[in-house]
Structures are given as structure tokens and as C-alpha cells.
Amino acid sequence: YGARFRSEYHHAFGLSHGSRRGTDVLFIRLERNGVKGFGEVALPPYLSENIEDAWQVLRGTEVREALTQGAGPPDLVAYPATRAALSMAWVDLHAREQGVSLHRALDLPPPEGAKAMMTIAGCALEELPERVKALHQEAAVIKLKLTGTDDVERVRTVLAMDARPVFLDVNQGWRSIDQALELFRAVGTERVVGLEQPFPASAWTLHEELKRETSTVPLFADESFQGLGDLDQVCRAFDGVNIKLAKCGGIDRAMEIARNANGRDLRVMLGSMSEGALGCAAAWQLSGLADLCDLDGPWLIRNDPFQGFRMVGGVYEVDDGPGLNVSTVHELNWALLAHN
């Protein structure tokens, strides 16, 4: 089954390249012998796939046949976000059938210890104090979106109002090394725990130079990193990598990437496309392999149809139970996509 959904943010979600007030979301439900598994993926407009693409793929006979034969999420699903939702539902179904949590079903280390972040999206400077006051007090780290303009004042405001460390996300918004160096000269680096994707994805030379110049601030790849094959180049230009299920194609692929990154001494951050409690609970299952978790979608959106994913004492958590162990707040408009 599939359900189309439109998540709505409490505030416009601003990035260096624009803002949006909501995101199209795809939910998937798999059923077998009365047991249900669920998957979620958000599809922001800058992805190369959309709801219609996902719907068409999921209606295909190849997907139905693969799932019926127990083959799991088929690699013939070329759209990574669609495959991620299908993979999530598949492993949730299997874990629920076994009566164990998803991380136990996948033989993952316990999801504990990775610091929870809460995001302040790009906004007008005059709105920033109110956004800081509204932050979830249980978050360990503030993730601050920079816009390429007024960034020094933006960081100074947050550091002055809140004592927590900050993680700076530029979303490819800078064009020169000087922008980074000037910011760090102005605000210092003592409370900056990371800097994410300052330059365009293809600007490897700039990232390599900045890594040498700012050795005290870990540099994380997001848009420069798409999958396992990018890790060699990422190691040269970055100190860490942001792994998103929707980007890499699913929880099975994310596991492989996280373990490879751990083996290369790369720091691991788990991110999302602003999925709600269901999608973020799935990514969190990998947090035993991670240092940071940017999984605050449930607090950014106001109409999340799932609940059960919490933030307590600087980390995210879910009650121990079978599968992803989150529950629906209200029923979605499910449509039958494939059946025997």
C-alpha cells in the first residue's frame, strides 16, 4: 500500500538556495499474515524523483514479484528515495515478524550515544532570537543553517543566547575559503562542533584546502557525498559524512556506508530530508555507528501522522519494541499498489 502526504512546517524551512513551507512525503505499508511494516521518505523539490515517479515504480510487477519471493527491496528500483521507503517498510515488517527491534533484527549495535541535534533553518535575522528561544531544550547540539549573508551575525546571536555547541550547515552557500576563515576569526571555533558542505558539491579542491586550514573544526560532506563509491574522495576533502536513507537508497545501504566510514576514521552523522517520526526512527536505528544525529523532523513539522520518536537528555530514543515501534496518530489515505 502507498499513501501520499504533504508535511507542513511550523515555520518556513530556509536554506542557502531557497525555502519551503512543506514537503511531499511517500508512506509505504507492507502486509503479510496480518503483520504490517511501514516506510517513509520525504521528497523535497530538489531531488531527481517525485511522488509520481515513486507511484509508477511501486505499481510495477517487478517490485511485487521481488517482494513476494522474499528478495527484499529490489535493486531494480532506480530511484534511491523510493527504494529507501520500500527498504524501510521491508525491514520493519521482518523485525515485527520476529518480535524484535529493528536494530536487533539487523545485528546493529545499540542505538545510543550519538548526540541529538535541533535545527534552526535559514530565516531573517530579526526572527532568529525567537527561533533560538523555541529550540527543544533536550537537544545536545544546535544545527544552524547559514545563508551566505549575515552569517557572522547569525552565529554570534545564537552563541550569545544559548550555551550549547553549534553545528553549521551552509548547504553549498559559500564560494571562497575566506568566508569560512573570516567567520571563525569573528566567532572562534571552541563551540563549533562541525561545518557541513560549505561549497558546491563539485568543489573538491576548495573543500580539501579548507580541511587543511580549519583542522580544529570537522568538515562534513552532504551534497558532495551520494554513496559508497564517493568515500575515497570524501576522505581527502572531509572529516565526516552525512548519511541520509533517501539519498543512499535505504537502510541496508546506509549500514554498509556507516561501517565503511567507521573503518576509515570518518565521522558519521545521520541526516534526513525532514521525515517525521517514522523515517527518523528508522535512521536512528543506525546511531550506534554514528557520532551525531540530525533527525529533528518530528519537531519541525506540525502534522506528523506518526508518534513515538523522542528527544531526551541530548539523544533521540524510541521505546524498545518490535520493528520501528512508532504508532500512527491518525490514519493515512492508503491506496493498494501491489498484491498477489
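The values are calculated or read from the model by the stated rules, or taken from the named source; none is laboratory data. In this text, all values refer to a predicted model and were calculated from it rather than measured experimentally. Neighbour counts run over all protein chains shown; Cβ positions are idealised from the backbone, glycine included. Heavy atoms of the whole protein, side chains included, go into the accessibility calculation; ligands, DNA and RNA do not. Shrake-Rupley method; radii C 1.70, N 1.55, O 1.52, S 1.80 Å.
Observations on the model:
- With a simple spin-label model that places each label point 7 Å from the Cα along the Cα-to-Cβ direction, the separation between residue 124 and residue 331 comes to 4.3 nm.
- The value of relative contact order for segment 153-210, using C-alpha pairs under 8 Å at least six residues apart, is 44 percent.
- In the complete set of protein chains, residue-level accessible area for residue 214 is approximately 10 Å², probe 1.4 angstrom.
- For segment 137-178 versus segment 242-266, the gap between their alpha-carbon centres in whole angstrom: 25 Å
- Loop-located trypsin sites (Lys or Arg not before Pro) across segment 51-120 with a Cβ neighbour count of 14 or fewer within 10 Å are 59, with loop assigned by DSSP.
- Estimated dipole of segment 255-307 in Debye, rounded to 20 [Cβ of Lys and Arg +1, of Asp and Glu -1, Cα centre]: 80 debye
- Of the trypsin sites (Lys or Arg not before Pro) in segment 251-299, the ones in a loop by DSSP (not H, G, I, E or B) with at most 16 other beta carbons within 10 Å are 264.
- GNM flexibility winner over the chain from 32, 131, 310 (Cα, springs under 10 Å): 32
- Of the chymotrypsin sites (Phe, Trp or Tyr not before Pro) found in segment 174-221, no site is in coil according to DSSP while having at most 14 other Cβ atoms within 10 Å of its Cβ.
- Only the Cβ atoms of Lys and Arg (+1) and of Asp and Glu (-1) were treated as charged; on that basis the dipole of segment 205-302 about its Cα centre amounts to roughly 160 debye.
- The chain, relative contact order [Cα under 8 Å, separation at least 6], %: 22 percent
- Candidates 330, 11, 136, ranked by Gaussian network fluctuation over the chain, Cα under 10 Å, top entry: 330
- Separation of the alpha carbons by more than 28 angstrom is noted, of 36/244; 145/211; 36/145, for 36/145.
- In the chain, a dipole from Cβ-located charges (positive for Lys and Arg, negative for Asp and Glu) runs towards its positive end, and of 160, 170, 82 it is 82 whose Cα lies farthest in that direction.
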